[in-house]
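Report on one structure; see the data block that follows.
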Amino acid sequence: MMKKFFALSRTTHGVLDLAGPGFVALLWLGRFPDAGTILLSIFTAFAAYTAIYALNDLVGIAVDKEKFSGGINAGYSVEASDMRYPLAQNVLSYRSGLLWFAGWFAAALVCSYFLNPTIDIILIAAAILEVIYVLLLKVTYLRTFVSGLVKSSGPIAAIYVVDPNPSIQLVLLILAWVFVWEIGGQNVPADWNDTVEDKRVNAKTIPLHFGTKTAGLIVVVTLLLTVVISMFLPLASPLTLGWPYVLATAAAGAYLLLRPALQLAKIQEGRQAAALFDSASYYPMAQLTIITLFVILGQVLGK
């Protein structure tokens, strides 16, 4: 029974997404927060991602049924459940999905308040933007920018967990990094993999509007920007990270983002787009692993 709800919330992908806020919080603070803050933050982030992903399907149920009238595509390894889009497949009732969303969203709001009331504003804004993103499917390919803002909300919220008065310039640096990663590594590849289904509903996406050649160029440029911006992220940290960190983060970006992006631009095939989506989904986890190692190393050397 729970598999239907987890499929609605793309839980496998959502768990990977937790690494993004974790990385940003650790980078920004330069040390591990207390155990209580860590546990509350993990639960809050899980609740928020669970709710927002469910909201996507709740708002888009009518279009999803139309899109997948000819069957649901193979998907990606990070969210390849046979129950993908359970509302559109009629394996989960709309009422059940709505209650699932409402419960997790309420939990996220309550927990966010205890972490920092400002996060409630960010969470509500993310939900509104997610609704706008879904409703723009048949309107404009510029919806991809809305997607970038939605995905940036998690890491931005993480900053306010560890710093109630952050530097706006550095917040914008984090936003820019997540924004271009989401567009090049998640949104455009996902739309690319769904071109057959999107054509059925006359969707407005970058691959359909510009064609695969230009879409491939957009992917490469945005992911190159992601790697470049990542090398400036130490500016947001109290740690002296130096060249070892810069080289490590650049290597992660080159392997997980640029390598599959260049392959996609060359081959221009839907399954390669799915492969890029999968690879890019592990990029935040790689960044969390790298910063964790440097924080631990800093603590050991500090002693």
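Just name the residue that is nearest to Val162 (Cα to Cα) out of those in the range 245-263 that are more than 20 Å from the chain's Cα centre (by Cα) and in contact (Cβ under 8 Å) with a residue 24 or more places away in the chain. Spell out the reasoning first.
Narrowing the range 245-263 to residues more than 20 Å from the chain's Cα centre (by Cα): 245-248, 251, 262-263.
Narrowing further to those that are in contact (Cβ under 8 Å) with a residue 24 or more places away in the chain: 245, 248, 262.
Numbers: Tyr245: 22, Ala248: 24, Leu262: 37 Å.
Checked the range 245-263; the qualifying residue nearest to Val162 (Cα to Cα) is Tyr245.
Residues are listed down the side, and each one gets a yes or a no for (1) under 17 Å from the mean Cα position of the chain (by Cα); (2) closer than 19 Å to Leu235 by Cα; (3) surrounded by 23 or more Cβ atoms within 10 Å (Cβ to Cβ):
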residue: Leu136; (1), (2), (3): no, no, no
residue: Gly154; (1), (2), (3): yes, no, yes
residue: Ala158; (1), (2), (3): yes, yes, yes
residue: Gln169; (1), (2), (3): no, yes, no
residue: Ala176; (1), (2), (3): yes, yes, no
residue: Glu182; (1), (2), (3): yes, no, yes
Output the residues belonging to the range 264-303 that are β-branched (Val, Ile, Thr) and without any contact (Cβ under 8 Å) to a residue 24 or more places away in the chain.
Ile267, Thr289, Ile296, Val300
Just a yes or no: is a residue in the range 197-218 under 23 Å from the mean Cα position of the chain (by Cα), under 20 Å from Ala158 (Cβ atoms) and of a type in the set (Gly, Ala, Ser)?
no
Can you pull out the residues in the range 128-157 that are in contact (Cβ under 8 Å) with a residue 40 or more places away in the chain, of a type in the set (A, V, I, L, M) and in contact with a Ser or Thr (Cβ under 9 Å, 6 or more places away or on another chain)?
Leu137, Ala157
Restricting to the range 223-264, what's the tally of residues that are β-branched (Val, Ile, Thr) and at pLDDT below 95?
1
Of (1) at pLDDT below 95; (2) surrounded by fewer than 20 Cβ atoms within 10 Å (Cβ to Cβ), Phe5 satisfies all except one. Which?
(2)
Residues of the range 128-177 satisfying the condition of being more than 25 Å from Thr37 (Cα to Cα) and assigned to a loop (DSSP other than H, G, I, E, B):
Leu136, Leu137, Lys138, Val139, Thr140, Tyr141, Leu142
Inside the range 247-276, the number of residues satisfying the requirement of being among the β-branched types (Val, Ile, Thr) and touching a Leu at 6+ places or on another chain (Cβ under 9 Å) is 1
Provide a single number: the residues in the range 19-37 that are surrounded by fewer than 16 Cβ atoms within 10 Å (Cβ to Cβ) and more than 21 Å from Ser167 (Cβ to Cβ).
4
What are the residues in the range 104-123 that are free of Cβ contacts under 8 Å to residues at least 12 places away in the same chain and farther than 9 Å from Ala47 by Cα, if any?
Val110, Tyr113, Pro117, Asp120, Ile121
If we keep just the residues of the range 250-264 that are farther than 18 Å from Glu182 by Cβ and of a type outside the set (S, T, N, Q), which is surrounded by the most Cβ atoms within 10 Å (Cβ to Cβ)?
Leu262
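The values are calculated or read from the model by the stated rules, or taken from the named source; none is laboratory data. For clarity, every value in this text was computed on a predicted model and none was experimentally measured. Counting neighbours? That spans all protein chains shown, and the Cβs are built from the backbone with ideal geometry, glycine included.
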